[in-house]
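To start, the structure under review is shown below, and the notes come after it.
Just so you know, all these numbers are worked out from the coordinates, no wet-lab data involved. For clarity, every value in this text was computed on a predicted model and none was experimentally measured. All Cβ positions, even for glycine, are placed from backbone atoms using ideal geometry, and neighbour counts span all protein chains on display.
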2 protein chains.
Amino acid sequence: MENIELLVEALKKEGLRFTEQRKFIWDEITSSNDHREAEDIFLSLRKKNINVSRATVYRTIDVLVKNNLVRKLDIGDAPSKYENKIDSHHHDHMICLETGDIIEFYNEELENLQDEIAKKHGYKVIRHVHQLFVKPIK
Amino acid sequence: MENIELLVEALKKEGLRFTEQRKFIWDEITSSNDHREAEDIFLSLRKKNINVSRATVYRTIDVLVKNNLVRKLDIGDAPSKYENKIDSHHHDHMICLETGDIIEFYNEELENLQDEIAKKHGYKVIRHVHQLFVKPIK
DNA sequence: GTTGTTGCAAATACTTTGCAACTAT
DNA sequence: ATAGTTGCAAAGTATTTGCAACAAC
């Protein structure tokens, strides 16, 4: 997977340097499709004996989010979660209130409807947050 | 507006006492349809020389949210905002990225679509968060 | 009188920041 | 050599909590 180029380009675009730490964090995030907290990423690295600081994890994630390589998920009170955005089309999330499971969904009709609604009010949608908090049907 | 009864009932239901502070906070929240932070509510009371503590503002809001009298809005990183829910049907929010304005919207088709999507995955929607971050069409 | 409530200050939880040591260019 | 980056610990921000004084029942 030659996705390391994506990191290099993003850093270049931001006028930032390519460092070992940034590479490790990038590898950690792109090696999974989970929805993880900054702390999870930090701990996962530490378990592999890669010691980058929490500060650097947060700082690097910021750059990745800003450059559309990582998606930030704000779920109510819980700490923000982050997911790898490479090879991943846009989707929204369904959060199971019983298990905490996060299910991704995408619906074109829904996307269009949003745009229409905004337009009716004289706006265009730049981004959106759509989360369904659900329970399993018994 | 005899809505004070709603507070009294909610408190009764929760086995909580009716106090001056809770009444002041209730009055403050129900006297406006704004989307305000706990701090705004606290300061607004203070400006009227009503000195309730922040702790009590937060504790009271919790009860009101739990009893469906107040809606809690989590907008990304910003502090939570609260809005009076009395006489107000369900709606979602559009947040203008340029002005910070919050526009309410409701669309039945969209609501139904959500339910359908969840159902297709074997879930039912308990609550949802739907926010459009928008910019004005020039 | 008993039990719930308040205000305060301290604690908490996640995240950001200042700064001196370090590293990429 | 210069300017960006790191790790650490401290600060920050929004909110929650322990506790002693107090108020509602």
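Things to note:
- Gyration tensor verdict on segment A:3-84 (Cα atoms; rounded if a/c is under 1.5, prolate if a/b is larger than b/c, oblate otherwise): oblate
- Each DSSP beta bridge with both residues in the protein assembly as shown is either parallel or antiparallel, and the antiparallel ones are about 80%.
- For residue A:67, inter-copy label distances in nm, listed shortest first [label point 7 Å out on the Cα-Cβ vector]: 5.2
- Residues of chain A were split at every exposed loop site, defined as GluC sites (Glu not before Pro) in a DSSP loop with at most 13 other C-beta atoms within 10 angstrom, and the longest piece left, sites excluded, is A:3-97.
- Per-residue 3J(HN,Hα) values for segment A:109-124, derived from phi via the Karplus relation 6.51 cos²θ - 1.76 cosθ + 1.60 with θ = phi - 60°, read 4, 5, 4, 5, 4, 4, 4, 4, 4, 4, 4, 4, 9, x, 10, 10 Hz in sequence order (x marks Gly and Pro).
- Distances between every pair of Cα atoms in segment B:92-134, grouped in 10 Å steps from 0 to the bin holding the largest one, split as 26, 42, 24, 7 percent.
- Inverse mean reciprocal Cα-Cα distance (Kirkwood Rh) of the protein assembly as shown, Å: 21.4
- Between residue A:53 and residue A:14, the FRET efficiency from the beta-carbon distance, with R0 = 22 Å, is close to 0.65.
- Structure remark: mean-square fluctuation, Gaussian network model of chain A, C-alpha springs under 10 Å; the largest value among A:24, A:105, A:42 belongs to A:105.
- Computed [θ] at 222 nm, deg cm²/dmol, chain B (DSSP H ≥ 4; -39,500 (n - 2.57); rounded to nearest 500): -13000 deg cm²/dmol
- Relative contact order %, segment B:1-52, counting alpha carbon pairs below 8 Å whose residues are six or more apart: 29
- Cα gyration tensor shape of segment B:54-96, rounded if a/c is under 1.5, else prolate or oblate by comparing a/b with b/c: oblate
- Using a 7 Å Cα-to-Cβ projection, residue B:12 label spacings across copies, nm, ascending: 7.1
- Within the straight-line cut-off of under 17 Å between alpha carbons, the lysines reachable from residue A:85 are A:23, A:66, A:72, sequence neighbours fewer than 8 places apart in one chain being disregarded.
- Cα gyration tensor shape of chain A, rounded if a/c is under 1.5, else prolate or oblate by comparing a/b with b/c: oblate
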